[in-house]
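For reference, the structure discussed in these notes is given below.
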């Protein structure tokens, strides 16, 4: 049986080997390996394949270059986000935990300057308000005593809070002076609050005024040592009752005093006797020897 009878149809013998020689594969493999965009032509058909319309060189280059570049950029950004976003999230979470710990759970101790500023802001405004109340009540002893008591309490709270802080760094010497002067000042203010009359308070003015000025100077010195802002206007001096420091005698002692006044004219009469005009006539007596001078002639 001839090859044509076995295959059922005639096929040129020269076509099949030629396809295998060019492609090195079977006809079915040639069909599968053909590009999808190009029309598939059977090796068995007698029609020759038509060449596809090729794009222009510039357009083809643009298509081949721009599309992969965009895909590469999008792919790089996605890989960067997917790789670094978990690390950044963990970093921010750790920073948040550290902030909560240092701010609320275990905050660092304040500096000496912060300690002093906190204490002064707490006690200085009410203390100066009490000082003003003392100056406004110089004619009312009861009101002034209440203002003195408030002034004492504010000063004591200030000194106690400064004493409670144990670490002051370079300002330790200035703080020790402030505490010492403050305790002496509190002792004097206790005497003022225990006074029964306005005269008793006025009698302490000579000792209280220097102590109040020393307290103010210590505050200014600590501000300078701790590099804090110094107020342009310092506190005014503390006020005292408007009373006469040498009290007058009571009315019951008036008769004894009137006797002293009545005796004054008697003592003033002495100078009038010294200035009597009778003593001025003494020069006339000196002329008596001149009158007696002719006596020798009389003896002759």
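Which numbered condition in (1) more than 20 Å from residue 121 (Cα to Cα); (2) in a helix (DSSP H, G or I); (3) touching a helix residue (DSSP H, G or I) at 6+ places or on another chain (Cβ under 9 Å); (4) at pLDDT below 95 is the only one that residue 252 fails?
Single failed check for residue 252: (3).
Can you name the residue in segment 80-139 that is touching a residue at least 60 places away in the same chain (Cβ under 8 Å) and outside any helix (DSSP H, G or I) and is also farthest from residue 174 (Cα to Cα) among such residues?
Across segment 80-139, the extreme among qualifying residues is 139.
If a residue must be at pLDDT below 90, more than 35 Å from the chain's Cα centre (by Cα) and surrounded by fewer than 10 Cβ atoms within 10 Å (Cβ to Cβ), how many such residues does segment 81-112 contain?
Count: 2.
Could you check residue 227 against (1) under 16 Å from residue 147 (Cα atoms); (2) within 21 Å of the chain's Cα centre (by Cα) and say which number it fails?
(1)
The values are calculated or read from the model by the stated rules, or taken from the named source; none is laboratory data. This structure is a prediction, so every number in the text was calculated from the model and none was measured. Counting neighbours? That spans all protein chains shown, and the Cβs are built from the backbone with ideal geometry, glycine included.
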